[in-house]
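Here is the structure we will look at.
The values are calculated or read from the model by the stated rules, or taken from the named source; none is laboratory data. Values in this document were obtained by computation on a predicted structure and should not be read as measured data. Counting neighbours? That spans all protein chains shown, and the Cβs are built from the backbone with ideal geometry, glycine included. The protein model used for the area step is the full one, side chains on, heavy atoms only, and it has no ligands, DNA or RNA in it. Shrake-Rupley method; radii C 1.70, N 1.55, O 1.52, S 1.80 Å.
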Number of protein chains: 2
Amino acid sequence: MPQKIGFVGLGIMGRPMAKNLMDAGYELTLHNRTREKAETLAAEGAAGVADSPRKVAERCSIVITMLPGPPDVEAVVAGKDGLLAGARENSLIVDMSTSSPALAKDLARHARERGIGMLDAPVSGGDAGAIEGTLSIMAGGSEEDFERARPLFEVMGETVTHVGPPGTGQVVKAANQVVVALAIEAVSEALALGSKAGVDPEVILDSLSGGLAANRVMEVKRRNFLERDFEPGGKLEFHRKDLVIALAAAREYGVALPGAAMVDQMFGALETKGRGSWDHSSLLTLIEELSGRKDEEDA
Amino acid sequence: MPQKIGFVGLGIMGRPMAKNLMDAGYELTLHNRTREKAETLAAEGAAGVADSPRKVAERCSIVITMLPGPPDVEAVVAGKDGLLAGARENSLIVDMSTSSPALAKDLARHARERGIGMLDAPVSGGDAGAIEGTLSIMAGGSEEDFERARPLFEVMGETVTHVGPPGTGQVVKAANQVVVALAIEAVSEALALGSKAGVDPEVILDSLSGGLAANRVMEVKRRNFLERDFEPGGKLEFHRKDLVIALAAAREYGVALPGAAMVDQMFGALETKGRGSWDHSSLLTLIEELSGRKDEEDA
C-alpha cells in the first residue's frame with residue numbers, strides 16, 4: 001500500500017473520490033488548476049500537492065484524472081506540462097472523466113508507445129455516488145492495466161466492469177447517457193399527455209411501472225416529476241455535454257442517433273432558458289411549455 | 001354467476017380472453033365478424049353465438065369488446081346494428097380495445113344518455129398475457145361501473161387499475177405505448193453505437209442495467225436484440241397503430257410528443273420495408289441500416 005497515487009482534478013466528483021482513496025490509506029499527490037482546492041484537501045490527510053500534471057506523474061506510479069471534458073483531458077494528459085511528459089515507463093494513467101472515445105483511444109496509443117498504461121474509466125452515480133464510494137465504473141483498456149487499477153476502483157465504486165479495449169469505457173458511458181436522455185424524454189411525454197388529458201400523474205407513473213414501460217428514471221426521478229422539484233441531482237448541462245460527446249462519437253463511428261440528437265436540441269433550448277443547472281428531469285418543463293399546461297389554459 | 005356476458009371480437013387477444021371467462025363459469029354470448037370463429041369457440045363451452053353486436057346487447061347485461069382499433073369500436077358500439085341499438089338500460093359496455101381517448105369519452109357520453117354504463121379498459125401484456133389471464137388492465141369510467149366489471153377483469157388480468165373518468169384508460173395506454181416506443185429507440189441507439197465502436201452488445205446491456213439507464217425493454221427484449229430474433233412478441237404494426245392513436249390524442253389535447261412522432265416515422269419506414277409483422281424491437285434494424293453495420297463495412 002505505499003504505492004504512490006496521483007490525482008488530478010478535484011471538482012465536485014474528483015474531490016470526494018480522492019478523499020475516499022486517502023481514507024483508505026493511499027498516499028496521494030494532488031493537482032488542481034485552482035491550487036487552493038488541492039491544498040485544502042491535502043491538509044485533510046497524508047497528501048502532497050504538485051504544481052503541474054507533469055510533476056504529479058514524475059512522483060507517482062498511477063495517476064487518476066477526473067476532469068470536465070475532452071479538451072481538459074487532452075491538455076492534462078498530452079499537454080506540455082502534462083502527464084505523458086512526466087510519466088515513467090510502466091506507470092499507469094486512469095482517466096475517469098467522461099470524455100470522447102476517439103480521444104481515449106488516441107491517448108492510450110500515445111501512452112503505449114512510451115511504455116505507459118492507460119485506462120478510460122468513466123463513472124456514473126453522480127456526486128452522491130462519489131461521496132459514498134458507490135460509483136459504477138466502466139473501464140476500457142488492457143486486462144493487465146485494469147487489474148492494476150482494480151483496488152483503487154473498488155475504493156471509489158461499487159460496480160466495477162472491464163468493458164473492453166481502450167475507448168470502450170467512454171463508448172459505454174455515451175450509450176448510457178443516450179438511454180437516460182431518451183428515458184427522461186419518454187416519461188416527460190407520457191406525463192405531459194396524461195396531465196393535459198386529465199389523468200393524475202401519479203396514476204400514470206404507477207400504471208406504467210407494472211409493465212414493459214417500466215424504467216429506472218421513473219423510479220429515481222419520481223419525486224422530481226411529481227413535485228416539480230428540479231434541484232439537481234444530475235445537472236442538465238452536464239448531461240448535455242455527455243450527449244455532445246455521444247453525438248461526436250456517432251459521427252466518428254458512422255452511427256445515426258436521431259433520438260439522442262433530438263434530446264440534445266431540447267436540452268439546448270432549456271439551457272437557453274437558463275435551466276442548465278436544473279436537474280435533467282426538467283426536460284418535462286420544455287415538453288409542457290411546448291404544449292401549454294392544463295392549469296394555464298384553465299386559468 | 002348466471003349473469004349473461006357478451007363478447008364481441010374474437011381475434012388473437014379476444015379469443016383467449018373470452019375463453020378464460022368461459023372457463024371461469026360465465027355464460028357467454030359471442031359475436032365475431034367472421035362468424036366461424038365465434039362458432040368454433042362456442043363449441044368449446046357453454047356459449048351462444050349472435051348475428052350482430054345489437055343482438056349480443058339484447059341478450060346480455062355486460063358486453064365486452066376487443067377490436068382492432070377506433071373505427072371498429074365506433075361501428076360495433078354506435079353503428080346501426082351496434083351495441084347501443086340493442087342495449088337495455090343499466091347494462092354495461094366494456095371496451096377493452098386500444099382505441100382513441102376522445103372516442104372513448106364520446107361513446108361513454110352517448111351511453112350515459114341512454115342509461116347505459118361504459119368503460120374504456122385497454123390492456124397490456126400481449127397474447128401471452130391474454131392466454132394466461134395475466135393482462136394489465138387500465139380502466140377509465142365511473143367507480144360504480146368499474147366495480148361491476150371488476151370480477152371479469154380479475155379473470156382476464158393480474159393488475160387491474162381504475163385510472164380515472166371515461167377516456168383515461170385509453171390515455172394511460174397511449175402514454176404506456178409512447179414510453180415503450182422510446183425505450184426501444186433508446187436501447188437500439190445504444191446498441192448501434194456500441195457495436196460499431198467495437199463493444200460487445202451483451203456488455204452494453206449488462207453495464208446499462210446497473211444504473212439510471214435500466215429499463216424493462218432491455219430485460220424483456222434482451223434475447224431479441226442479442227440474437228437478432230424478431231419473431232413477435234409485440235408486432236411493430238400494432239405498436240404503430242397505438243402511436244397513431246397517441247399522436248391523434250396529442251393533437252386533440254394540444255400536447256407535443258416529438259419523441260413519439262419520431263418513432264412513429266421510423267416504424268412507418270420499417271412497415272415500408274415489409275417488417276410490420278416483426279417484433280417492435282426490430283427498430284434496431286432501422287438504426288443499424290441508417291448507420292451501416294460494422295460487419296458489412298469490414299466485409
Relative contact order (%) - region A:4-165, alpha-carbon pairs under 8 angstrom, separation at least six: 20
When the helices in chain A are scored as -39500 (n - 2.57) per DSSP H run of 4 or longer and the sum is shared across all residues, what 222 nm value do you end up with, to the nearest 500 deg cm²/dmol? -17000 deg cm²/dmol
Name the chain B residue nearest the rotation axis between B and A, going by Cβ position, and give the distance in whole Å. B:Asn215, 2
For the protein assembly as shown, what is the percent of antiparallel DSSP beta bridges, rounded to the nearest 5? 15
Ratio of alpha-carbon Rg to the 2.2 N^0.38 Å globular estimate for chain A, to two decimals, please. 1.09
Take the alpha carbon atoms of region A:115-152, find their center, do the same for region B:95-163, and report the distance between the two centers in whole angstrom. 50
Heavy-atom accessible area per residue - region B:4-165, 1.4 Å, Å²: 40
For region B:10-16, what does the Karplus curve 6.51 cos²θ - 1.76 cosθ + 1.60, with θ = phi - 60°, yield as ³J(HN,Hα) per residue in whole Hz, taken in order and with x for Gly and Pro? 10, x, 4, 9, x, 4, x
18 Å Cα-Cα reach of B:Lys221 towards aspartates and glutamates, excluding residues that sit fewer than 8 places from it in its own chain: B:Asp127, B:Glu185, B:Glu189, B:Asp200, B:Glu202, B:Asp206, B:Asp229, B:Glu231, B:Glu237, B:Asp279, B:Glu288
Listed residues B:Lys196, B:Lys241 arranged by accessible area, highest first, probe 1.4 Å: B:Lys241, B:Lys196
Report, in degrees rounded to the nearest 10, the 0 to 90 angle that the Cα long axis of helix B:143-156 makes with the longest principal axis of chain B. 70
Under the rule of at least 5 residues apart or a separate chain, name every residue whose amide H is placed under 5 Å from the amide H of A:Val160. A:Ile137
Of all the accessible heavy-atom surface of chain A, with the other protein chains kept in place and a 1.4 Å probe, what percent is carbon and sulfur? 49
Relative contact order in percent for chain B (Cα pairs under 8 Å, 6+ apart) equals 13
at A:Arg228 the sorted inter-copy label distances (label 7 Å from Cα on Cβ side), in nanometres, are 4.8
Treating only the Cβ atoms of Lys and Arg (+1) and Asp and Glu (-1) as charged, compute the dipole magnitude of chain B about its Cα centre; round to the nearest 20 debye. 920
So in chain A, what percent of DSSP beta bridges are antiparallel if you round to the nearest 5? 15
Ignoring ligands, DNA and RNA and using a 1.4 Å probe, state the total buried accessible area between A and B in Å², rounded to the nearest 100. 4400
Above-threshold pairs, the threshold being 31 Å between Cα atoms, out of A:Lys37/B:Lys196; A:Lys173/A:Lys196; A:Lys173/B:Lys241; B:Lys4/B:Lys37; A:Lys37/A:Lys241: A:Lys37/B:Lys196; A:Lys173/A:Lys196; A:Lys173/B:Lys241
Percent antiparallel among DSSP beta bridges confined to region A:4-165, nearest 5, equals 10
Counting Lys and Arg as +1 and Asp and Glu as -1, each charge on the Cβ, what is the dipole of region A:4-165 about the Cα centre in debye, to the nearest 20? 420
Counting alpha carbon pairs within less than 8 Å and at least 6 residues apart, what relative contact order, in whole percent, applies to region A:145-299? 30
Only Cα pairs within less than 10 Å get springs; with that Gaussian network setup on chain B, which residue of B:Asp81, B:Asp23, B:Asp206 has the largest fluctuation? B:Asp206
Pick out, from A:Val155, A:Gly82, A:Pro68, the residue whose Cα sits farthest towards the positive end of the charge dipole of region A:4-165, with +1 on the Cβ of Lys and Arg and -1 on the Cβ of Asp and Glu. A:Gly82
Just for the Cα atoms in region A:98-169, what are the lengths along the principal axes, largest first, rounded to whole Å? 36, 23, 17
Local charge sum around A:Arg223 (other residues, Cβ-Cβ under 13 Å, Lys/Arg +1, Asp/Glu -1)? -3
Work out how far the C-alpha atoms of the protein assembly as shown reach from end to end along every principal axis, then list the three figures in whole Å, largest first. 91, 57, 37
Placing unit charges on C-beta atoms (Lys and Arg positive, Asp and Glu negative, everything else neutral), compute the dipole magnitude of region A:162-227 about its Cα centre in debye, rounded to 20. 260
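Counting partner chain Cβ atoms within 10 Å of every residue's Cβ in A:202-210, what's the average? If you can, show how the numbers build up before the last one.
Values: counts 0, 9, 8, 1, 4, 13, 11, 2, 9.
Other-chain Cβ atoms within 10 Å of each residue's Cβ, averaged: 6.
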State, to one decimal in nm, how far the label point of A:His110 lies from the label point of A:Glu36, with both points 7 Å from Cα in the Cβ direction. 3.1
Pseudo-spin-label distance B:Lys80 to A:Glu227, built 7 Å along Cα→Cβ, given in nm, is 6.0
Out of residues 5 or more away from A:Met118 or on other chains, whose amide H comes under 5 Å of its own, with H placed 1.01 Å from N in the peptide plane? A:Ile93, A:Ser142
Using alpha carbon positions and the Kirkwood radius, the Rg to Rh ratio of region B:4-165 is 0.92
